[in-house]
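J.: Structure incoming, see below.
The numbers here are math on the coordinates, done by the rules we state, and not lab data. Values in this document were obtained by computation on a predicted structure and should not be read as measured data. Note that each Cβ is placed from the backbone with ideal geometry, even for glycine, and that neighbours are counted across all protein chains shown.
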Amino acid sequence: MPRQPVAFLLKLWPSFADLAFAMPMVFLFGRMHGTGTLLLDGDTGWHIRTGQWIAAHHGVPLRDIFSFTKAGDPWYAWEWLSDLVFAWLNGFGGLRGVVLFSVFLLALTFALLFRLVRAHSNVMVAMLITVIAADASSGHWLARPHLFTLVFVVLFYGALERVREGRERLWGVPYLAILPAATVLWTNLHGGFFVGIAMLAIYGAGEVLEAVLLGERSPRRASWSKALRYWASALGCLAASLINPYGYRLHLHMFAFLRDPFNSQYIQEYLSPDFHDAGAVFFEALLVLAALAAAWNLSRGRFTPALLLMAFAHAALLARRNVPIFALVAAVPVAGAIEEWLDGLPEWKVAGWLRRTAGRFQRLAAGTGRTDSLTGQWGLVSVVSLVLVGALLYAPNPPRKFRAEFDPRKFPAAALATLRSDPSARIFTEDQWGDYLIWNLYPAQRVFVDGRMDFYGVDFEEKYIELLNANYNWETILRRFGVNTILLPVSAPLGGVLKQSSRWRLVFDDGVALVFRPAVEKVLPPAGGAPGSVAHDDSGRSRDRKITKTEARDLAITANQFKT
C-alpha cells in the first residue's frame, strides 16, 4: 500500500489516548448500570433546580428556597456555577444533556490522566495504571459537580509535574501564575478547590526535604527557591478562592463541616472504604502499589511523589469520597516506579526467566509506543464514541442503560401522582427522595429535608434520623412541622410503625414506596403555630449524603447509620 494512504489510516486508527477517553463509557454502559449509575444520587435534581433559580433571578440564593422546615434560613449554594451549567444543559437537552456532559467529564479526566502517566512510563504500563485508577474511582461516578474537581486535579497535577521537571511556562506565562486564576473557576464550580492548594503545599514541602536532607549548597538554594514559588502560588490560590459569592464565609463554613465528627459517624461518603465490597480490589491493589512506589521514591531521595502518595492515601482511607482523588494522584508515581522496576530487572539478582520476560515486555512496549505515536492524531475514535453514546441517549426508545431518568426501581416515580393530588401537602421523606421531590415537585411543593446537609445542621439531622428510625418521639417531631403526608421506602423502620398506627393510613404502595396520610383528614398545625426549625443554628456542617437508601438495623446491636 502506498505510504500516504497508510499514514492517513494511522491517523484514523485509535490511539491509546482514544482508548483512555472511551474507557469510562465502556465501564459505565458495559459492566456498570449506565445512566442508573450516574443518576444513582438524587442530588442532581436539586443542583439543576438551583441553577434554574440562579438563571431566573440573576444571582445566587442566599437563603433556603426548597424546604418548609427551614424556609428562608441562610444557605451557601457553594457549587452555584456547576448548578448553572447543569441547568443550562437540562434546558438545552434535558436530563440526557446532563448525563452526556457528565460522561464527557469522566472521559476527559482519564484521557488527560493517561497522557500525564504516559510521560512517566511506557504506553502499556500507562494504560494499565489508568484502567486501575478508573476502576478504583468508579464508585463515585455520579452526575454531580465533583466531576469538575476530578478534571481540575489532573490539570493541576500536570502543571505541577511540568514545573518540577523544569518546564515552568505555558505560552510564556508561568504555570504557578496560571493556577491561582484557575482556582477562581474551580472554587465556584466545586468545593474541592482546596485539593489544588494542598498539592502545591506538598510540592513545596518535597523541595524543602530535598534541600535539607540531600542538597549540596547550590542545588539546595534552587530547591528552596522553587519551594517558595510553590508556596507563593498556594497562597495565591487561597486568595483567589475568596472570589466567590460568599467570600471568606465559604471557607469557614467548609472548615466547620469537614471537622464535624457527625460526618464520619453517619454519612457513608465520609466513612472509611469497605474492603469487603466487590469493587474494592482495584483500590486495594492501587494502595499496595502506592506503598511500594512511596518506599521506592524515598529510597532514591525523591520526596515529593512519596509525600503525595502518603497524604492522599491517608485521605482515601479516612473517607471513601477521597478515593477517586487518590486514584488520580497515585497513578503517576506508581506508573513511574513500575517503569523503573522493569528497566532495572535485567540487572537485578532475580530468576533468569523473569529478567528475560521483563526485557521482552519493554521491547514490545517500546515498539507499541512508536506505533501509538503515529495513530489517532485526529482523535476520531474519541469523538465517535461520545457521539455514539449521545445518539443512544437521545434515541426514541433507548436501551435501559441509556435512559436518562432516576431509576423508578429506586425512586418513588409511581407515587408522584398521589403526592401531586394535594398541592398543600407537607411531605416527610428521606433526604435522597427529598432531592427527587425537588426535581419533580418544586416550586409547587417544598420538602422536609434534602441532601444539603451543611444547610440543615447536625441537630436537625439527628432528629431526622430519630424520625426515620421511629424513635419514641417520632409523632412529636411530625406534629412540630405539621407533616400530613409521609413518603417512605418499603424497608424504612418508620413505615412498619405507621402501618400499625391508628392515626395513619396507607394510601399508596407499589413495592418501592409507601405513602401515608392521617386516618382523620385533618392537617395538624405545627406545634407553636408557624413551622420552626429543630436547630436554630444555621451553621450546619454536614455536607454530602450517602448515596444508598436508609438501612434498617437492630438498635439493640448497633446504632443506625444514616444512608441516603
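J.: If packing is taken as the average number of other Cβ atoms within 10 Å across a peptide's residues, how do 366-375, 478-487 rank, most packed first?
T.: Per-residue mean Cβ counts within 10 Å order the peptides as 478-487, 366-375.
J.: I would also like to ask the following. Explain nothing, just compute: Karplus ³J(HN,Hα) = 6.51 cos²θ - 1.76 cosθ + 1.60, θ = phi - 60°, for every residue of the stretch 464-469 in order, whole Hz, x for Gly and Pro.
T.: Karplus values, whole Hz, x for Gly and Pro: 4, 5, 4, 5, 4, 8.
J.: How big is the dipole moment of the chain about its Cα centre under a simple scheme where the beta carbon of each Lys and Arg is +1, that of each Asp and Glu is -1, and everything else is neutral? Debye, nearest 20, please.
T.: Charge dipole of the chain: 1060 debye, to the nearest 20.
J.: Quick check on packing: order 27-33, 16-22, 401-407 by the mean number of other C-beta atoms within 10 Å, highest mean leading.
T.: My ranking of the peptides, most packed first, is 16-22, 401-407, 27-33.
J.: Treating each Cα of the chain as an identical point scatterer and ignoring solvent, apply the Debye formula and state log10 I(q)/I(0) at q = 0.06, 0.08, 0.11 Å⁻¹.
T.: -0.35, -0.60, -1.06
J.: Over the Cα atoms of the stretch 86-223, each weighted equally, I'd like the Debye log10 I(q)/I(0) at q = 0.12, 0.19 Å⁻¹, rounded to two decimals.
T.: -0.61, -1.23
J.: Give the residue from I178, Q362, W88 lying farthest towards the positive end of the charge dipole for the stretch 24-380; charges sit on Cβ (+1 for Lys and Arg, -1 for Asp and Glu) and the dipole is referred to the Cα centre.
T.: Checked the options; the winner is Q362.
J.: Separate question: Among M32, V490, A335, whose Cα lies farthest out toward the positive end of the dipole of the chain, if unit charges sit on the beta carbon of Lys, Arg (+1) and Asp, Glu (-1)?
T.: Value: A335.
J.: Could you work out the local net charge near R31, counting Lys and Arg as +1, Asp and Glu as -1, over the other residues with Cβ closer than 11 Å to its Cβ?
T.: 0
J.: Would you work out the relative contact order for the stretch 115-195, in percent, from Cα pairs under 8 angstrom that are 6 or more residues apart?
T.: 29
J.: With an 8 Å Cα cut-off and a minimum separation of 6 or more residues, compute the relative contact order for the chain in percent.
T.: Contact order relative to length: 20 percent.
J.: With the Cα gyration tensor of the stretch 226-324 giving a ≥ b ≥ c as the square roots of its eigenvalues, does the rule (a/c under 1.5 for rounded; else a/b larger than b/c for prolate; else oblate) give rounded, prolate or oblate?
T.: Cα axes put the stretch 226-324 in the oblate bin.
J.: Still on this structure: At most 14 other Cβ atoms within 10 Å and a DSSP loop assignment: could you name the trypsin sites (Lys or Arg not before Pro) in the stretch 269-345 that fit?
T.: Of the trypsin sites (Lys or Arg not before Pro), the ones in loops of the stretch 269-345 whose Cβ has at most 14 other Cβ atoms within 10 Å are R300.
J.: According to the square roots a ≥ b ≥ c of the eigenvalues of the Cα gyration tensor, what is the shape class of the stretch 73-123, taking rounded for a/c under 1.5, prolate for a/b larger than b/c otherwise, and oblate for the remainder?
T.: Judged from the Cα gyration tensor, the stretch 73-123 comes out oblate (a/c at least 1.5, b/c at or above a/b).
J.: Now for a separate question. Calculated from DSSP H runs of 4 or more alone, at -39500 (n - 2.57) each and per residue, what is the 222 nm mean residue ellipticity of the chain, nearest 500?
T.: Mean residue ellipticity at 222 nm (helix-derived): -19000 deg cm²/dmol.
J.: Here is a further query. Relative contact order, percent, of the stretch 253-336 when contacts are C-alpha pairs under 8 Å separated by at least 6 residues?
T.: Computed over the stretch 253-336, the figure is 32 percent.
J.: Let me ask something additional. How about the stretch 258-297: which chymotrypsin sites (Phe, Trp or Tyr not before Pro) there lie in a loop by DSSP and see at most 13 other Cβ atoms within 10 Å?
T.: Those satisfying the criteria are F275.
J.: Go through the stretch 338-346 residue by residue and turn each phi into a ³J(HN,Hα) via Karplus (6.51, -1.76, 1.60, θ = phi - 60°); whole Hz please, and just put x for glycine and proline.
T.: 4, 4, 5, 5, 5, 5, x, 4, x
J.: Name the residues whose placed amide hydrogens come within less than 5 Å of the amide hydrogen of R505, ignoring near sequence neighbours (fewer than 5 apart) on the same chain.
T.: Here the answer is R517, A519, since their amide H atoms fall under 5 Å of that of R505.
J.: Separate question: Can you list the residues, at least 5 places off or on another chain, whose amide H is less than 5 Å from the amide H of R169, using H built in the peptide plane?
T.: Those lying under 5 Å, H to H, from R169 are Y175.
J.: Oh, and also: Report, by chain and number, residues whose modeled amide H sits under 5 Å from the one on D64, excluding near sequence neighbours (fewer than 5 apart, same chain).
T.: G72, D73, W75
J.: Ok, one more. If the reach is capped at under 18 angstrom between alpha carbons, list the aspartates and glutamates near K401, excluding any in the same chain fewer than eight residues apart.
T.: Filter leaves D41.
J.: For the stretch 66-81, just list the computed ³J(HN,Hα) in residue order, Karplus coefficients 6.51, -1.76 and 1.60, θ = phi - 60°, integers in Hz, with x standing in for Gly and Pro.
T.: Whole-Hz 3J(HN,Hα) from phi for the stretch 66-81: 10, 10, 9, 8, 9, 4, x, 6, x, 9, 9, 8, 6, 9, 4, 6.
J.: Hey, if you put +1 on the Cβ of every Lys and Arg and -1 on every Asp and Glu Cβ in the chain, which of F481, Y157, I202 ends up farthest toward the positive end of that dipole?
T.: The residue sitting farthest along the positive end of the dipole is Y157.
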